[in-house]
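Here the structure comes first, spelled out in structure tokens, and everything after it is commentary.
Bear in mind that the values in this text are calculations on the coordinates, not laboratory data. Fair warning: this is a prediction, and the values are worked out from it, not measured in the lab. Quick reminder, even Gly has a Cβ in these numbers, built from the backbone with ideal geometry, and neighbours come from all protein chains shown.
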Amino acid sequence: MAKLSVNINKLATIRNARGGNNPDLVSWAKKIQSYGAHGITVHPRPDQRHIRKSDVPALKAAVSTEYNIEGYPSDDFIKLIKEIKPEQCTLVPDPPHVLTSNAGWKVSEQKELLTKVLKELSAITRVSVFVEPDTFSFKDAKVLKELGAQRVELYTEEFAKNHSSVSKYKETAALCLEAGLELNAGHDLDLNNLATLISEIPEIKEVSIGHALICEALEFGMEETIKRYLDVLSK
């Protein structure tokens with residue numbers, strides 16, 4: 001069964017809109033885990049528009065499952081990972097100005113950076129690298145494995161938003177598995193499309209879901225929403 005990691009960036013966005021500490025991220029992280037989620041994901045960005053740098057250590061103390069920190073591997077981000085030592089670090093190639101992650105790594109073009117970062121971080125935590133089928137090859141998968149990556153995260157926006165075929169994701173997944181990499185998946189997954197992805201690629205170890213899950217929780221409540229996700233994943 002794939003694990004569910006809940007991205008709480010959106011809760012931080014709501015908090016920041018009014019200042020103060022409502023909703024309380026630490027309290028909600030504990031509740032989300034108590035409802036059955038297998039992990040908590042955060043993506044601190046330089047402008048701190050949702051998760052703030054100060055949230056990261058506070059949440060470390062609250063996460064009793066798996067803590068996954070996503071981000072672009074700037075010097076500040078690498079320093080943060082070394083300090084916090086989360087169970088997983090997910091590397092994304094997005095620059096500071098983008099609204100949300102919008103592309104996978106182009107491994108051949110960015111190999112120098114990835115070599116440096118993976119050497120530093122793979123000794124500290126499990127590292128997952130954000131990839132997308134249109135720009136990823138078996139050669140890329142082998143390079144990531146050789147550099148120390150343990151997982152890739154399939155960037156699923158096209159599948160999720162456009163109801164596209166899973167076929168190219170299956171092909172990319174097969175390349176990664178052949179190279180010895182494990183699989184995560186995330187971006188725009190929700191209760192309507194998750195079952196298709198998981199049934200077609202059962203090797204996926206973990207899905208990271210934030211925006212849709214928080215929106216669905218407005219309708220069903222957080223506990224019921226997480227229960228529904230766990231039901232999908234268990235089947």
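Highest mean first, what order results for 136-147, 74-85, 190-201 on Cβ atoms within 10 Å?
136-147, 190-201, 74-85
What is the local net charge at VAL92, summed over the other residues whose Cβ is closer than 9 Å to its Cβ (Lys, Arg +1; Asp, Glu -1)? Net charge in that neighbourhood comes out at -3.
In this structure the amide hydrogen of LYS3, modeled in the peptide plane, comes within under 5 Å of the amide hydrogens of GLU206, VAL207, none closer than 5 places in sequence on its chain.
What label, among (1) 16.7, 48; (2) 17.2, 53; (3) 19.5, 62, belongs to Rg and Dmax of the Cα atoms in Å computed from the structure on display? Matching the structure shown: (1).
A full extension of the chain between LYS53 and SER164 corresponds to an added length of 36.4 nm, given 0.36 nm per residue minus the alpha carbon distance. Computing FRET efficiency as 1/(1 + (r/R0)^6) for ASN21 and ASP231, where r is the C-beta to C-beta distance and R0 is 25 Å, gives about 0.20.
Stretching GLU203 away from ALA123 to a fully extended chain increases their span by 26.3 nm, per 0.36 nm per residue minus the current alpha-carbon distance.
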